[in-house]
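Report on one structure; see the data block that follows.
The values are calculated or read from the model by the stated rules, or taken from the named source; none is laboratory data. Nothing here was measured: the structure is a model prediction, and the numbers come from that model. We place every Cβ from the backbone using ideal geometry, glycine too, and count neighbours over all the protein chains shown. Areas reflect the complete protein model, heavy atoms only, side chains present, ligands, DNA and RNA absent. Shrake-Rupley method; radii C 1.70, N 1.55, O 1.52, S 1.80 Å.
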Amino acid sequence: MPDARLVDSKATFVLFNHILDVRLLRALADLGFARPTLVQTKAIPLALENRDILARARTGSGKTAAYCVPVVQKILNAKASLAAEDPARRATRALILVPTKELSEQVHTHLKGLLAYCDDEVAVANLSSGTTTHLQRTLLSDNPDIVISTPSRALALLQSKTLSLSSLDSFVVDEADLILSYGHDEDVRQIFSGGFLPKVFQSFLMSATMTEDVEALKGLALRNPVILKLEEDED
Ligand code: ADP
Ligand code: MG
């Protein structure tokens, strides 16, 4: 559970009922997420307006759902406008970069909870699980809607053309401060600037701290972002 001080006591997820699919609202209720946290209250509506987001909020503030909820909602929106047999339904629309295998498992678990009522519509692949050969088969045959990966594995699969991001709509760098301090910055840079991405997509940079590296990545990854800096009193 998040720290009570980080929960928006005046808001409920029902406030989002005009923008969130009922399947997501039911999953949030099952997870026991009665009220959004502050970062979720601020980020979710703005993300659904397609704004790039830089969110700095401390560990435990609910940043995972702050980006996963809009990412899933946007995929549901995109699919709703496509006919059942349209091949464009099967495309990777979201990439979530995390610093470690453990974190990719945590984000995967979080997403599975959110997708409890729409896992027939939205498929997730965690690239940190399984062997490369297994992944290559899965990725080539399934085009999962959401891919979770460490930067190095995502870059390798992009370079071998196993993973295609030509339909990418949402690009998330979670734990951006850790990703960069773990020496992944060159891989992240190459993913952004190696010609793998479409012209237009939305970026999320989520971080517990603002480091110089995060500031530098902000310039590369974000266009006219909304900057959410919460808990200034923590500094
Ligand atoms: P962060 O990424 O900011 O460190 P997490 O997304 O991991 O935070 O969330 C911290 C904890 O709070 C997790 O156990 C998560 O399931 C829980 N949580 C997140 N949002 C809510 C919410 N709105 N209501 C109740 N619990 C929540
Ligand atoms: Mg987190």
Extreme residue, most open to solvent (accessible area, probe 1.4 Å), among residues of the range 199-216 that are of a type in the set (A, V, I, L, M) and more than 14 Å from ligand 1 (Cβ to nearest atom): VAL200
Any strands (runs of 3 or more DSSP E) falling wholly within the range 149-235 and containing at least 2 residues that are in contact with a Lys or Arg (Cβ under 8 Å, 6 or more places away or on another chain), modelled with pLDDT of 95 or more and not hydroxyl-bearing (Ser, Thr, Tyr): 202-207
Tally, over the range 128-184, of residues that are in contact with a His (Cβ under 9 Å, 6 or more places away or on another chain) and hydroxyl-bearing (Ser, Thr, Tyr): 4
Positions within the range 164-178 being out of contact with any Asp or Glu (no Cβ under 8 Å at 6 or more places or on another chain), at negative phi and open to solvent by 10 Å² or more (accessible area, probe 1.4 Å), in sequence order: SER164, SER166, SER167, ASP169, LEU178
Residues that are among the charged types (D, E, K, R) and open to solvent by 80 Å² or more (accessible area, probe 1.4 Å), drawn from the range 117-134: ASP119, ASP120
Pair list, Cβ < 7 Å and 6+ apart or interchain, from the range 165-186 residues that are in contact (Cβ under 8 Å) with a residue 12 or more places away in the chain and over 18 Å from ASN143 (Cβ atoms) to residues that are open to solvent by 60 Å² or more (accessible area, probe 1.4 Å) and outside any helix (DSSP H, G or I): ASP177/THR209
Residue list for the range 22-37, restricted to those being within 12 Å of ligand 1 (Cβ to nearest atom), more than 20 Å from THR59 (Cα to Cα) and not hydrophobic (A, V, I, L, M, F, W, C): ASP30
